[in-house]
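Q: Have a look at this one before I ask anything.
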């Protein structure tokens, strides 16, 4: 395949990463499904997915920069003997750390499965549809009353466990955490905002780990095209954050539920028809 085709594929994959990272539809599943359908015909790999997520999480840093700086300053101040006690921003910093622990521990324990057997497309298709139903139920029965400042330590850990489920392509990092938030009674906006903030440590850690590990090695996409895909994901992802937060302020998650079910069924059908290979 020519170099122009590689760059075109990288552009497409970066666009898809940016479009899907913050929506509850699983960006890793989309990259996993799309890769074999492109001319190169291969799985972009867990490393490519993790590295391009650096782009979308940088968009989160830019969009929430004022909130993040305020939380970081308050958290650092809380570490000093004379630091403020009971500061809600410092508390949010600790909640993000606590919520990150499950994905950090499980990501290390099941690293080989995450990069291998869990990328089986039969699993991806099934999980897409299954968690669509769970999201739909959560959006329907959730009370949607709690603001983010009512986030408790126990709920922060539950959010973290939900985020860790996104190690399986098809669950969706935002989908898992938003679903947990809705079931716990938080508003759609509160669940989404905490989901975005909670993802920062885990995604940056995974992305830079994969970048360091693959440094000097040419993967299926290549270093240059991967960097370009990451940049594309950043710009597209920023626009999606703005649009998504505006959308959920007045709409339910039902369009995403329907989309996930349709996509999951389509993946299983393509596998059954031999168009896609499970691994």
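Q: Relative contact order for the chain: what percent, with Cα pairs under 8 Å and sequence separation of 6 or more?
A: Result for the chain is 36 percent.
Q: Hey, could you get me the Stokes-Einstein D for the stretch 217-270, Kirkwood radius over alpha-carbon pairs, 25 °C and 0.890 mPa s, rounded to whole µm² s⁻¹?
A: Value of D from the Cα-based Kirkwood radius: 174 µm²/s.
Q: Between residue 266 and residue 149, what's the calculated FRET efficiency when r is the beta-carbon distance and R0 is 45 Å? Round to 0.05.
A: Once the sixth-power term is evaluated, E becomes 0.65.
Q: P(r) tail for the stretch 1-89, what percent of Cα pairs lie past 16 Å?
A: 63
Q: How many angstrom lie between the Cα centre of the stretch 155-170 and the Cα centre of the stretch 71-144?
A: Each part reduced to its Cα centre gives a spacing of 5 Å.
Q: On a 0 to 90 degree scale, rounded to 10, what angle separates helix 121-141 from the longest Cα axis of the chain?
A: 30
Q: May I ask you to derive the FRET efficiency for residue 69 and residue 161 from their Cβ-Cβ distance with R0 = 25 Å, giving the value to the nearest 0.05?
A: After rounding, the FRET efficiency stands at 0.35.
Q: Another one. Where does the stretch 6-53 land on Rg/Rh, using Cα atoms and the Kirkwood Rh?
A: Rg/Rh for the stretch 6-53 comes to 0.92.
Q: Using 0.36 nm per residue of separation minus the Cα-Cα distance, give me the extension gain between residue 246 and residue 104 in nm, one decimal.
A: 48.1 nm
Q: What residue among 257, 203, 105 has the largest mean-square fluctuation in a Gaussian network model of the chain, using Cα springs under 10 Å?
A: Maximum fluctuation in the GNM of the chain, among the listed residues, is at 105.
Q: Still on this structure, I have one more. Once you have a ≥ b ≥ c as the square roots of the Cα gyration tensor eigenvalues for the stretch 130-208, tell me rounded if a/c is under 1.5, and otherwise prolate or oblate according to whether a/b is larger than b/c.
A: oblate
Q: In whole Å, what are the extents of the stretch 112-154 along the principal axes defined by its C-alpha atoms, from largest to smallest?
A: Principal extents (largest minus smallest coordinate, Cα): 39, 24, 12 Å.
Q: Taking neighbour counts of Cβ atoms within 10 Å as a proxy for exposure, in what order, fewest first, do 254, 165 appear?
A: Fewest-to-most ranking of 254, 165: 254, 165.
Q: Still on this structure: Need the C-alpha centroid separation for the stretch 254-279 versus the stretch 12-40, integer Å.
A: If you average the Cα positions of each part, the centres end up 13 Å apart.
Q: A further question on this structure: By how many degrees, between 0 and 90 and to the nearest 10, does the Cα long axis of helix 88-109 differ from the longest principal axis of the chain?
A: For helix 88-109, the angle is close to 40 degrees.
Q: Taking the Cα of residue 209, stepping 7 Å toward and past its beta carbon, and measuring to each backbone N in the stretch 87-107: which are under 17 Å?
A: So the set is 97-107.
Q: If one takes the longest principal axis of the Cα atoms in the chain, at what angle in degrees, from 0 to 90 and to the nearest 10, does the Cα axis of helix 46-63 lie?
A: Taking Cα atoms only, the helix is inclined about 40 degrees.
Q: Show me 108-116, 81-89, 228-236 ranked by packing, highest mean number of other Cβ atoms within 10 Å first.
A: Per-residue Cβ counts within 10 Å, averaged per peptide and sorted highest first, yield 228-236, 108-116, 81-89.
Q: I've got another one for you. By average Cβ neighbour count within 10 Å, what is the ranking of 238-246, 186-194, 14-22 from highest down?
A: In decreasing order of mean packing, 238-246, 186-194, 14-22 become 14-22, 186-194, 238-246.
Every number here is computed from the coordinates shown, using simple stated rules; none is lab data. All values reported here derive from a predicted model rather than from experimental measurement. Here the Cβ is made from the backbone with ideal geometry for all residues, glycine too, and neighbour counts use every protein chain on show.
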